[in-house]
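One structure is given here, and the rest of the page talks about it.
The values are calculated or read from the model by the stated rules, or taken from the named source; none is laboratory data. Values in this document were obtained by computation on a predicted structure and should not be read as measured data. Here the Cβ is made from the backbone with ideal geometry for all residues, glycine too, and neighbour counts use every protein chain on show. Side chains included, ligands, DNA and RNA excluded: accessible areas come from the protein's heavy atoms. Shrake-Rupley method; radii C 1.70, N 1.55, O 1.52, S 1.80 Å.
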Amino acid sequence: MNNQTKIVVVGSGAVGSTFAYTVLLRGLADELVIIDKNQDKAEGDALDLNHGLLLAQPMKITAGDYPDCKDADIIVITAGAAQKPGETRLDLMQRNVSIYHQILTEILKYNSEAIFLIATNPVDILTYITIKLTHLPKERVIGSGTLLDSARFRYLISEKMNIDPRSIHGMIIGEHGDTELAAWSLLNIAGMTQEQVKEQSRYYLSSAEKEEIYLQTKNAAYQIIEKKGSTYYAIALSLARICEAILHDQMSILPVSAYLDNYKGISDVCLGIPSIIGKNGIEEVLDLPLTKEEEEKLQHSANQLGNFIHQIQLPKI
C-alpha cells in the first residue's frame, strides 16, 4: 500500500456525503475523491468539505470521475436506488444490480487492485454480485455487513443495563436485514455470559427483553426511514471504521459481509460474520462457536439470500 492513502467514494447521496465528512473529521486518508452522476452535487460537497480543512485535518478533497479511481486504496460504493418507506432491502435487489453493473464496469477500467467496500442495500447481495461481476479476490470485496446492526444491538443493551456500549461485546450476524440473528450465546459483559449472570443482576436479560432488543435492532432502519427518509450517520461511521482497519492494518475483528465457502455448511453467499480486517481486506473469517439453534438460523438466513441471488441474471463486464 502506498505511503499516500487514497479513498474514492462513488455516490454522494446522504450516505456517501456523510461518509466523506467522517473521513475528513477523522483524517483517514491523504486524498478523498467524490464521484457522483450528479457532478454538481459532487463538486458542491467537495467545495463544502474543503472549506472546513482549516478546522479539521490536512487532506486533498476533489470531485472526480472514474479515471480518478486509479491508485485508490479503497473504493467505497454507496450509490444506488434509495430504500423507500415500507420497502424491504431485498426489494431493492434488481434495481441496484443494473446500477452496480454500470459502476463496476467503469471502475475496473482504471483500478482492479483496490479494496472494494460495499454499502448499498441489499448489501450482502450486492457484495456477492460485486465479487461475481469483477472476479476480484473475495478477500478484497467487503460489505458493511452487520457492523451497524451490531452497533445498534450493543446500544440497545447498554440502554437496558445503563452501561457504556463499548463495554458490551455482542453481535448480530447473517443478513443485514430481515433474517439477521442475535448471537446471544456469545454476548459478553466483563467476561460474563448470560448463562453466568444471576437473574437479579443488572446484567441479566429476560427472554422477553432479548426479543424486544432483537426486534428493535432488526427494525431500526425502518423506524428511521419512516421518521426522516433514510439512515446515514451511523452507517457512515461504520464505513469509516472499516476503512480505518484497512488503512492502518489494524487486524480488527468486525462483523462485515464476507464471501462464505463451506462455513457451517454455507457456501456461495455473502453474510455478516466477524472477520479480521487488515491491509489485505478480509484476512480471516472467524469460525464462531454458535449454538445449534443459532447455526440453524444462520443457515436459514443464507438460504433466503441464496434463493434471491440465484434468480438474478448477472450481466457480464
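Before moving on, here are some points about what is shown:
- When the stretch 279-298 is filtered for residues that are open to solvent by 60 Å² or more (accessible area, probe 1.4 Å), farther than 13 Å from Ala182 by Cα and touching a strand residue (DSSP E or B) at 6+ places or on another chain (Cβ under 6 Å), the ones remaining, listed by number, are Glu283, Glu284.
- For first residues located in the stretch 101-112 and assigned to a loop (DSSP other than H, G, I, E, B), partners that are open to solvent by 50 Å² or more (accessible area, probe 1.4 Å) and lie 6+ apart or on another chain with Cβ distances below 7 Å form the pairs Leu108/Ile317; Tyr110/Pro67; Tyr110/Lys70; Asn111/Lys70.
- Taking the stretch 172-213 as the range and being among the hydroxyl-bearing types (Ser, Thr, Tyr), within 28 Å of the chain's Cα centre (by Cα) and over 16 Å from Gly272 (Cα atoms) as the test, the residues that pass are Ser185, Thr193.
- Summed over the stretch 224-239, residues that are under 19 Å from the mean Cα position of the chain (by Cα), within 13 Å of Gly86 (Cα to Cα) and open to solvent by 50 Å² or more (accessible area, probe 1.4 Å) total 1.
- Filtered residues of the stretch 166-187 (kept if crowded, with 17+ Cβ neighbours inside 10 Å and farther than 18 Å from Glu293 by Cβ): Ile168, His176, Gly177
- Answer residue from the stretch 165-194, given it is touching a Pro at 6+ places or on another chain (Cβ under 7 Å) and part of a loop (DSSP other than H, G, I, E, B) and is modelled with the highest pLDDT among those: Met171
- In the stretch 113-132, of all residues being assigned to a helix (DSSP H, G or I) and open to solvent by 10 Å² or more (accessible area, probe 1.4 Å), the one that is nearest to Leu260 (Cα to Cα) corresponds to Tyr128.
- For the residues Glu283, Glu295, the requirement of being assigned to a helix (DSSP H, G or I), touching a residue at least 24 places away in the same chain (Cβ under 8 Å) and not polar (S, T, N, Q) singles out Glu295.
- Selection of the stretch 80-100 for residues being closer than 23 Å to Ala20 by Cβ, open to solvent by 20 Å² or more (accessible area, probe 1.4 Å) and either outside any loop (DSSP other than H, G, I, E, B) or modelled with pLDDT of 95 or more (or both) yields only Ile99.
- Selection within the stretch 11-55 - outside any helix (DSSP H, G or I) and either open to solvent by 30 Å² or more (accessible area, probe 1.4 Å) or assigned by the TED database to the domain that holds Cys243 (or both): Gly13, Gly27, Asp30, Glu31, Asp36, Lys37, Asn38, His51
- For the stretch 242-263, the candidate set comprises residues that are in contact with a helix residue (DSSP H, G or I) (Cβ under 6 Å, 6 or more places away or on another chain) and of a type in the set (Gly, Ala, Ser); within that set, the residue that is farthest from Gly174 (Cα to Cα) is Ser252.
- Given (1) within 16 Å of Ile317 (Cα to Cα); (2) under 20 Å from the mean Cα position of the chain (by Cα), number of the condition Asp73 does not satisfy: (1)
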